[in-house]
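I have placed the structure first, in the form of structure tokens, so that the comments after it can refer back to it.
The values are calculated or read from the model by the stated rules, or taken from the named source; none is laboratory data. On a predicted model such as this, the values are computed, not experimentally measured, just so you know. Using ideal geometry, Cβ is built from the backbone for each residue, glycine included, and neighbour counts are taken over all protein chains shown.
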Amino acid sequence: MTIFEQDKQYIANTYGRQEIAIVEGKNAHCTDSNGKDYIDFTSGIGVNSLGFCSDAWVSAITEQLHTLNHISNLYYTLPQVELAEKLTERTGMKKVFFANSGAEANEGAIKTARKYSSDKYSSSRHEIITLKDSFHGRTITTLAATGQEVFHKDFSPFTKGFVYAKANDIKDLQTKVTENTCAIMLECIQGEGGVLPLEQKFVDDVAKICAEKDILLIVDEVQTGVGRTGTFLCSEQYGIQPDLVTLAKGLGGGLPIGAVLFGEKTAEVLAPGDHATTFGGNPIVAAGSLAVMKTLTPEFLKEVQEKGQFCRELLKTFPGVTGVSGKGLMLGISLEKPLNNREIIATCGEKGLLLLGAKDKLRMLPPLTITKEELELGLMILKEALEEAV
Ligand SMILES: *Cc1c(COP(=O)(O)O)cnc(C)c1O
């Protein structure tokens, strides 16, 4: 049996996979089971922030692997506290809860927002406003938070208490604010929704409403965070200080980790027994994440911005491209009609480039460490695929 047949037989049929089996990689280069090479513009959906198997990350994990693999959150561990310290220093947030994924981090933030409001006001003040075209995860509650109809079929009943407002339409959002609103939750750039950045004015207005009415501002930085957009958090570029920030994807550099960051208002909301997870902040994952944190110096982040700018300028000259959205190395590429992004992604795969989609756009989330040469190689393949398609 081939790996593709084995997969069909033994793995639940939940993914539309490309027929490519990646076996090894270094930085933004990887190789499949036939020995064919690829440039990686996906970084495992924004996960491999330091690329495949970076030396610093591998040695941090290997060292920890030989020291302590796991002990549970009933005891203290060094990598976990060190990581929390680094995260709070970098973000101005006060405390951290470690989870294992983006959805779980969002669940933690949602629980915290509800408890904050229930402690301070009443349990009826529990509504959370999220945005249309948002994406917050695949658990029943984070699906409810996700403002996209396509996700709201087949799995009802969903968790109650979510209200959807139009992105970049403050009037619409204002009509959704009631005495029962406890939080507003948003992505600064809607990732799965199509790499759609929020407008500065809208974010300012939302932050103002939140501050005035003691409504918590939850920023889902699962995709935008950890250097992806050229600053440690994307919300820094909007000049806002959220009450809750969630991280995951790029934080572990390739191992599963999520985090809820608590601001001044929310740092003391959760008490022993309120929230927990067996694996959260596991020493090995935390050690890998520390290697990521150490790499993301201001100079490194500046390079992320420059690499993003380099891509934007080239992409704009490519046939069939009508626009480029996003920030840093989180880029959405709009295509002329009737170009089909799925077909272009498939052609790129055949030519040796791994690429993502988001709604009807192409999406690039290359490793933050991608070199100029790797970028050029990948972009050349994309250009070729576009030339053939138009
Ligand atoms: C990917 C993503 C999630 C879900 O993360 P998982 O680790 O898959 O649970 C949540 N929010 C945003 C913005 C994401 O991009």
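Could you look through segment 220-249, keep only residues that are touching a helix residue (DSSP H, G or I) at 6+ places or on another chain (Cβ under 6 Å), buried (at least 24 other Cβ atoms within 10 Å of the Cβ) and among the polar types (S, T, N, Q), and pick out the one that is nearest to Thr142 (Cα to Cα)? Looking at residues that are touching a helix residue (DSSP H, G or I) at 6+ places or on another chain (Cβ under 6 Å), buried (at least 24 other Cβ atoms within 10 Å of the Cβ) and among the polar types (S, T, N, Q), I get Thr246.
In the set (1) within 12 Å of the ligand (Cβ to nearest atom); (2) surrounded by 22 or more Cβ atoms within 10 Å (Cβ to Cβ), Ala144 fails one condition alone, (1). Take the residues in segment 129-141 that are hydrophobic (A, V, I, L, M, F, W, C) and buried (at least 22 other Cβ atoms within 10 Å of the Cβ), then tell me which one is farthest from the ligand (Cβ to nearest atom). For segment 129-141, the residue satisfying everything is Ile129. All conditions but one from (1) surrounded by fewer than 21 Cβ atoms within 10 Å (Cβ to Cβ); (2) within 23 Å of Thr224 (Cβ to Cβ); (3) in contact with a strand residue (DSSP E or B) (Cβ under 8 Å, 6 or more places away or on another chain); (4) of a type outside the set (A, V, I, L, M) apply to Lys359; the one that does not is (3). Taken as a whole, the structure places Ser49 among residues that are within 16 Å of the ligand (Cβ to nearest atom), outside any helix (DSSP H, G or I) and small (Gly, Ala, Ser).
When each of Ser117, Ser134 is tested for being of a type in the set (S, T, N, Q), more than 30 Å from Lys359 (Cβ to Cβ) and at pLDDT 95 or above, the lone residue that passes is Ser117.
Please count how many residues of segment 147-176 are within 16 Å of the ligand (Cβ to nearest atom) and surrounded by fewer than 13 Cβ atoms within 10 Å (Cβ to Cβ). So the count comes out to 2.
Determine, yes or no, whether Lys208 is free of Cβ contacts under 8 Å to residues at least 60 places away in the same chain and of a type in the set (Lys, Arg). In short, yes. Could you check, for segment 288-310, whether at least one of its residues is touching an Asp or Glu at 6+ places or on another chain (Cβ under 9 Å) and within 16 Å of the ligand (Cβ to nearest atom)? Checking segment 288-310: not a single residue is touching an Asp or Glu at 6+ places or on another chain (Cβ under 9 Å) and within 16 Å of the ligand (Cβ to nearest atom).
Within segment 113-128, the set of residues being touching a strand residue (DSSP E or B) at 6+ places or on another chain (Cβ under 9 Å) and more than 16 Å from the ligand (Cβ to nearest atom) comprises Arg114, Tyr116, Ser117, Ser118, Tyr121, Arg125, His126, Glu127. In the set Gln64, Gln6, only one residue is outside any loop (DSSP other than H, G, I, E, B), touching a residue at least 40 places away in the same chain (Cβ under 8 Å) and either buried (at least 16 other Cβ atoms within 10 Å of the Cβ) or away from the ligand (no atom under 16 Å from the Cβ) (or both); that residue is Gln64.
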